[in-house]
Each structure stands twice: as structure tokens, then as C-alpha cells.
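Scroll down for the structure; my scribbles are underneath it.
The values are calculated or read from the model by the stated rules, or taken from the named source; none is laboratory data. Predicted, not measured: the structure shown is a model, and the values here were computed from it. Cβ coordinates were reconstructed from backbone atoms using ideal geometry, including for glycine residues, and neighbour counts include every protein chain displayed.
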Amino acid sequence: MLEFINFILGTTTTELDSVTNGGNATLDPIYDMLTVLLPSAMGIVFAIGVIYGIVLGVQYSKAAGAEEREKIKKRIISAAIGIVVIIALLGLLFALREPLSKLIS
């Protein structure tokens, strides 16, 4: 599994080792995968949320009636809550990656 992750990311085992455990070699591919992929996933989710927020903001400013504005306002609030929940869950998964990898292994 570690070789597959290295192939996909274009990294070597030593590069992954320097990312995990402060340079100590790890043999747990789940820990390595979570350590490498979760920060990127958090950034992607945040970027998508910002783009969606901008789109909703433009729609809000172009809305003609008060009813349309209220619908878009609810969508903005829902999107903000959704992004916060997703990023919090990814952060929790990142924080619990070591116990999870021990549990699965």
C-alpha cells in the first residue's frame, strides 16, 4: 500500500518518513496516507467553500426580490455551516490518525 501511495504522490519512502513522526520511519501505511492526504483535502474543501461563497454572494447581489434574497441567504448560511463541519471532521480525523491506524492494524 505504501508503494502505491508513493507512486500516486510521486514521493519516495524517505520523503514520507520525513513527514511522519518527525523523521522517524513508520511502517503503517494508513498513518502515512492520512498524514499526507488530509491537509491537502482540508485545503481543497476550504477553497471550494470560498468559491461557492463568492458565487452565492454574486447571486445575492443580483437577486431582484426579497424572497430570492432570503433563499440565497439561507443557502449561504447552510454552506458556511457545512464547510465548517467538514473541515472540523477532517481536522478530527487528522488528530486521531494514530489511534485509528493502531485500531485498524
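At-a-glance table
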{"item": "Pairs with Cβ under 6 Å, 6+ apart, first in the stretch 50-67 and over 16 Å from G82 (Cβ atoms), second among the charged types (D, E, K, R)", "result": "A63/R69"}
{"item": "Criterion: within 14 Å of the chain's Cα centre (by Cα), assigned to a helix (DSSP H, G or I) and surrounded by fewer than 15 Cβ atoms within 10 Å (Cβ to Cβ) - qualifying residue of I83, I77, I48", "result": "I48"}
{"item": "Residue check, A25 aliphatic (A, V, I, L, M) and at pLDDT 70 or above", "result": "no"}
